[in-house]
Amino acid sequence: MSFAELAAQLNAGTILPEAIVIATLIVVLMVDLIVGRTSTRWTPYLAIAGLLASVVALYYQWDVSNPIGFLGGFNGDTLSVVFRGIIALSAAVTILMSIAYIEQSGTSLGEFVGILLTATIGGMFLSGADELVMIFISLETLSISSYLLTGYTKRDPRSNEAALKYLLIGASSSAIFLYGVSLLYGLSGGETRLSAIAAGLAAGTGQSLALVIALVFAIAGIAFKISAVPFHQWTPDVYEGSPTPVVAFLSVGSKAAGFALAIRLMVTAFPLVSEQWHFIFTSLAILSMVLGNVVALTQTSMKRLLAYSSIAQAGFVMLGLIAGTEAGYSSMVFYMLVYLFMNLCGFTCVILFSLRTGTDQISEYSGLYQKDPLLTLGLSLSLLSLGGIPPLAGFFGKLYLFWAGWQAGLYLLVLLGLVTSVISIYYYIRVVKMMVVKEPQEMSDAVKNYPAITWNLPGMRALQVGLVVTLIATSLAGILSNPLFNLANGSVAKSQMLQSTVISSQVSAVQQ
């Protein structure tokens, strides 16, 4: 085989965005190694520039004629383009909000940025991986980097405890997932590409007990990554103990990669047990919506509140996957796009408040409007958007999800989603009311001693930019949601994998 033929088969241009992030990572590490701590003044901005360049490269890959690369190992279709873009943007905003936080903790910012870029690379590859080996390597790259980020503030015992819990539970879930995909490999006759696995299963065993076991084990690994009940045990403790910027990335970037994997793996490799995986995800969605929203009512820590909120949000997003229609998949993509902005806006506000007061207790936010109107506005809009209050972005996201579920006949699931959404509005509005409505004499001690607002401290300017950008995006994403609707619909309509699945499900429905 000539070099030209090999290059044509590899089609390495499909991973140009990832290559840009890898090059950025190498440059950041080299600069940090050579220049030392003084490089932290501009190293984060170099990383952000690389991530934004990666997003630009993704834009130009939107409608390529041949998205398959590396002999079928990677599929750079429109669906993966959107999810990779969400992960890259979440990493860029995370770096903005982490500069002041990491510098205050006394740890190295260059190493933190390097590990975060590594996690980003793992998540981006996972979003397009179409082969078992690439899926597992990408998953472990994301997971191991996440463990390191969770325990990054080594002097904080809570961070060490969170990292240990995350590592032990994460390693167990990875082993379970690996056993499930190894069963797939054996049942399909030694195939590793997902499409070849589906063909091998159809020609061989069909619906067998071993295939159902493989399905259950694979879903267990995915459910851990998206924080679905009952695989959520790590989430509250890790969210509370980890550095807050890490939590922000885990809640958006890691979750987006998990949903991208869920769509690709379920749709491509498990068409023979479609009823079974729909049933399992329905159970996970019900448990996540109920437990996430009910337990969030009793939380006193802002980070634990957002942890249970993220569990509930995963339950809502699973509605689109269970629907299995074009509208269902589009609603998943749209919700993850708006979730990116509103969740990161909320975490930016939490970081800013904790840097100024040293606490994240909900009761300490009492009367914040009197001292910091911008922070109050940002946190209020992000929480109301997460609760689904119109005309904010979260309202349209939930409306699209529920509409897709209703069209697909998931009436009870949609009604449960509506009820749990109403419950969620209570605990979101409770925080907003505490910040805005309290009388001056009812201010918390933290707000009474609130420092004078200044943005001249190291890293604070970047945090302000992150807050303003996510706040504007959260506000405009609801009012001007049509471009995001078009993007979500186009990512599904132009994805050959999803179109073939939707058509086959429609044919089977007509035959029945």
Value of Rg to Rh for the chain (Rh from inverse mean 1/r over Cα pairs, i.e. Kirkwood): 0.96
Listed residue (A260, V447, G189) projecting farthest to the positive dipole end of the chain, Cβ model: V447
The chain: relative contact order as a whole-number percent, Cα under 8 Å and 6+ apart: 15 percent
Whole-Hz ³J(HN,Hα) from phi, Karplus 6.51 cos²θ - 1.76 cosθ + 1.60, for the stretch 493-500, glycine and proline x: 5, 9, 8, 4, 4, 6, 5, 5
Theoretical FRET efficiency, 1/(1+(r/R0)^6), r = Cβ-Cβ of A452 and Y426, R0 45 Å, to 0.05: 0.85
Amide N of the stretch 305-324 lying under 18 Å from the label point, which is placed 7 angstrom from the Cα of E275 along Cα→Cβ: 322-324
Carbon plus sulfur fraction of accessible area for the stretch 336-475, probe 1.4 Å, in percent: 68 percent
Positive-end residue, the chain charge dipole about Cα centroid, Cβ charges, pick of S495, V432, S159: V432
Fully extended contour minus Cα-Cα distance, from V436 to A175, at 0.36 nm per residue: 89.2 nm
The chain, dipole about Cα centre (Lys/Arg Cβ +1, Asp/Glu Cβ -1), debye to the nearest 20: 760 debye
Protection proxy ranking, peptides 229-237, 301-309, 25-33, average beta carbon neighbours within 10 Å, highest first: 301-309, 229-237, 25-33
Residue-span extension gain [D445 to V133] - 0.36 nm each, minus C-alpha spacing: 107.0 nm
Cα gyration tensor shape of the stretch 184-329, rounded if a/c is under 1.5, else prolate or oblate by comparing a/b with b/c: prolate
For the stretch 20-127, Kirkwood radius (reciprocal of mean inverse C-alpha pair distance, Å): 14.5 Å
Gained length - I34 relative to S363, 0.36 nm times residue gap less alpha-carbon distance: 113.9 nm
In Å, descending, principal axis extents of the Cα set of the stretch 290-382: 48, 26, 17
Simple spin-label estimate for L476 and T107 in nanometres, 7 Å along Cα-Cβ: 3.4 nm
222 nm mean residue ellipticity, helices alone, for the chain (DSSP H n ≥ 4; -39,500 (n - 2.57); rounded to 500): -25500 deg cm²/dmol
P(r), alpha carbons of the stretch 265-419 - 10 Å bins starting at zero, rounded %: 11, 37, 30, 15, 6, 1
Qualifying aspartates and glutamates (Cα of each under 12 Å from Cα of K225; at least 8 residues distant if same chain): E140
Using distinct alpha-carbon pairs, which all enter the 1/r mean, Kirkwood radius of the stretch 373-492 in Å: 16.8 Å
Cross-link reach list, lysines versus K371, counting only Cα pairs under 28 Å and skipping chain neighbours closer than eight places: K303, K433, K438, K448
The chain - accessible surface per residue (Å², probe 1.4 Å): 38 Å²
Cα gyration tensor, the stretch 382-426 - rounded (a/c under 1.5), prolate or oblate: oblate
Share of carbon and sulfur in the accessible heavy-atom surface of the stretch 19-81 [1.4 Å probe, %]: 71 percent
Proximal aspartates and glutamates to K154, defined as alpha-carbon separation beneath 18 angstrom and excluding residues fewer than eight positions away on the same chain: E103, E111, D237, E240
Charge sum, other residues only, whose C-beta stays under 15 Å from G110's C-beta, Lys/Arg counted +1 and Asp/Glu -1: -1
Between the stretch 217-235 and the stretch 171-206, the alpha-carbon center distance in angstrom: 20 Å
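The values are calculated or read from the model by the stated rules, or taken from the named source; none is laboratory data. Just so we're clear, the structure is a prediction, and the values are computed from it rather than from any experiment. Positions of Cβ are generated from backbone atoms using ideal geometry, with glycine treated the same way; all protein chains shown enter the neighbour counts. We work out accessible area using only protein heavy atoms, side chains counted, and drop any ligands, DNA or RNA first. Shrake-Rupley method; radii C 1.70, N 1.55, O 1.52, S 1.80 Å.
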